[in-house]
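One structure is given below, encoded as structure tokens.
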Amino acid sequence: MIRLYNTASHSKEEFAPQNPKNVTMYCCGPTVYNFAHIGNLRTYIFEDLLSRTLRLSYPLTHVMNVTDVGHLVSDADDGEDKMELGAAREGKSAWDIAKFYEAKFWQDYDALHCTRPTIVSRATEHIAPMIALVKTLEDKGYTYRTSDGIYYDTSKFPRYDALVGHARISGLQGGARVEMSDEKRNPTDFALWKFSPKDKKRQMEWDSPWGVGFPGWHIECSAMAMKYLGNTLDIHCGGIDHVTIHHTNEIAQSEAATGQKYVNYWVHGEFLILRSGKMSKSGGTFVTVDVLKEKGYEPLAYRYLCLGAHYRTQLEFSYESMDSATKSLKNLRALVGQVGQACARTPSETEKSRAWKEKFVAAMEDDLNAPKALALTWEAVRAGELSAAEKWDFLQTAESILSLDLLKEEQPAQTALPAEVQALVDARAAARKAKDWKKSDELRDAIAQAGYLVKDTPKGQEVEKK
Ligand code: AMP
Ligand code: ZN
């Protein structure tokens with residue numbers, strides 16, 4: 001039995017799919033105007049854990065969108081389009097920007113062992129269903145026109161604050177967060193279709209019954225989710241920041257159009273934060289998978305770090321915690337390697353191994369308790385009551401969810417060292433070749449100062465993080 005915390009009911013609920021032969025899940029995807037930061041990727045790792053856990057029991061159709069158009073810098077439906085802004089910044093076309101960052105996104109996504117969605121839907125390839133949805137809303141009387149677009153009148157949808165609760169929406173209305181343009185009827189109203197500016201040609205724009213322009217951000221998720229998964233989805237995921245505006249607006253658009261419930265289970269992941277506050281793309285500096293790699297970390301060490309915190313708790317990122325995740329992952333792999341050797345990598349399923357596997361799966365099925373599942377994995381590989389072959393059997397199940405390259409015979413080659421450390425290591429190799437032992441020792445100290453230990457082995461120097 002899978003239990004999930006449903007944001008809509010503020011409680012853990014037993015998961016009951018509409019059709020157990022095809023569970024449907026929609027996850028909000030990346031906005032591809034810049035690199036994904038590791039905060040975004042924490043959300044995809046949590047969604048991957050959900051997808052892997054669901055797949056143990058059900059066939060799953062997992063849809064993810066790629067926002068490659070029309071995402072405005074502010075939530076208030078004004079400001080510049082992020083894609084066009086990226087294009088101006090980099091001197092490329094908006095289309096090239098989207099293509100480049102989407103490819104980069106999948107590279108990072110794969111490096112973290114996130115399972116690819118069944119269907120990836122790009123906003124720019126689904127303008128027609130978005131227009132059709134706006135048209136339905138217009139026909140039903142939910143829209144109005146201003147000088148810059150077609151807006152959704154949230155006062156016409158009485159359940160507008162259902163997902164967040166009335167208090168937070170009222171707070172939003174009273175606060176200064178959303179600037180109200182003169183023409184908007186209610187502060188929470190949002191754009192469904194924006195007109196292209198009269199004085200400027202946009203790179204991405206389309207004809208519509210209302211004039212040339214581009215879709216509002218929220219409409220893409222409603223249109224694409226319902227196109228591929230039907231009017232009612234089993235599960236809709238995203239980061240916690242999407243609850244108040246994006247998902248609230250998705251519900252308003254979808255349910256007003258269809259008259260049916262849009263989503264049965266809303267599942268949201270908490271944020272990765274920096275000591276200095278929130279990690280955000282528009283806020284300037286952010287950490288990416290490439291930055292981690294440049295610093296000598298393996299991407300899967302970041303996955304390990306994320307697995308150690310429950311998805312509904314905030315996780316504070318630091319390089320100290322990356323160091324300790326790297327160490328733990330290495331130690332776990334070493335223990336698993338010994339288990340594999342002891343049983344010639346041949347699993348044996350017994351009542352005992354089954355009981356351990358059940359405990360592992362039960363932890364994941366209890367609202368994705370990955371920290372518990374990870375702790376059980378450590379316990380299992382050390383458990384005196386299990387034979388190596390039984391442990392190996394347990395590990396097949398654990399690895400199918402954790403996906404940390406635990407079972408690989410060949411452990412991944414050492415990841416690249418930071419350039420400055422590599423330069424010191426190369427210089428030391430040259431010094432040793434020239435039998436300049438004094439210099440070699442000095443360089444060893446310099447490498448140690450940079451946080452690395454160097455060992456001399458018959459195969460040459462081996463370098464590891466201290
Ligand atoms: P975006 O590309 O900005 O649309 O965000 C992609 C996903 O990352 C969304 O599900 C966001 O809710 C999520 N997200 C954004 N910032 C963070 C963060 N700091 N930690 C975790 N998830 C985040
Ligand atoms: Zn979305």
*Taking residue 235, is it within 14 Å of ligand 1 (Cβ to nearest atom), open to solvent by 20 Å² or more (accessible area, probe 1.4 Å) and in the same structural domain as residue 82 (by TED's automatic domain parsing)?*
no
*asked:* Every residue in the stretch 259-270 that is open to solvent by 40 Å² or more (accessible area, probe 1.4 Å) and of a type outside the set (Asp, Glu), please.
replied: 259, 260, 261
*Out of all the residues in the stretch 412-427, is one or more over 35 Å from the mean Cα position of the chain (by Cα) and not aliphatic (A, V, I, L, M)?*
yes
*asked:* Within the stretch 290-308, take every residue that is among the charged types (D, E, K, R) and not in a helix (DSSP H, G or I) and give me the one that is nearest to residue 114 (Cα to Cα).
replied: 298
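If you check 292, 307, 329, which single one turns out to be surrounded by 18 or more Cβ atoms within 10 Å (Cβ to Cβ), out of contact with any Ser or Thr (no Cβ under 7 Å at 6 or more places or on another chain) and farther than 30 Å from residue 3 by Cβ?
Criteria check complete, one pass: 292.
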*Only helices (runs of 4 or more DSSP H) wholly contained in the stretch 359-466 count here; list those with 3 or more residues that are more than 30 Å from residue 58 (Cβ to Cβ) and of a type in the set (Lys, Arg).*
419-433, 437-449
_Suppose the filter is within 16 Å of ligand 2 (Cβ to nearest atom), modelled with pLDDT under 95 and surrounded by 22 or more Cβ atoms within 10 Å (Cβ to Cβ); does residue 217 pass it?_
yes
*Regarding residue 404, is this residue surrounded by 15 or more Cβ atoms within 10 Å (Cβ to Cβ), touching a residue at least 40 places away in the same chain (Cβ under 8 Å) and out of contact with any strand residue (DSSP E or B) (no Cβ under 6 Å at 6 or more places or on another chain)?*
yes
*Among residues belonging to the stretch 201-232 that are within 16 Å of ligand 1 (Cβ to nearest atom) and in a helix (DSSP H, G or I), point out the one that is nearest to residue 141 (Cα to Cα).*
219
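The values are calculated or read from the model by the stated rules, or taken from the named source; none is laboratory data. Everything numeric here is computed off the predicted structure, so don't read it as measured data. Cβ: placed from backbone, ideal geometry, glycine included. Neighbour counts: every protein chain shown. Surface accessibility is based on the protein's heavy atoms, side chains included, excluding ligands, DNA and RNA. Shrake-Rupley method; radii C 1.70, N 1.55, O 1.52, S 1.80 Å.
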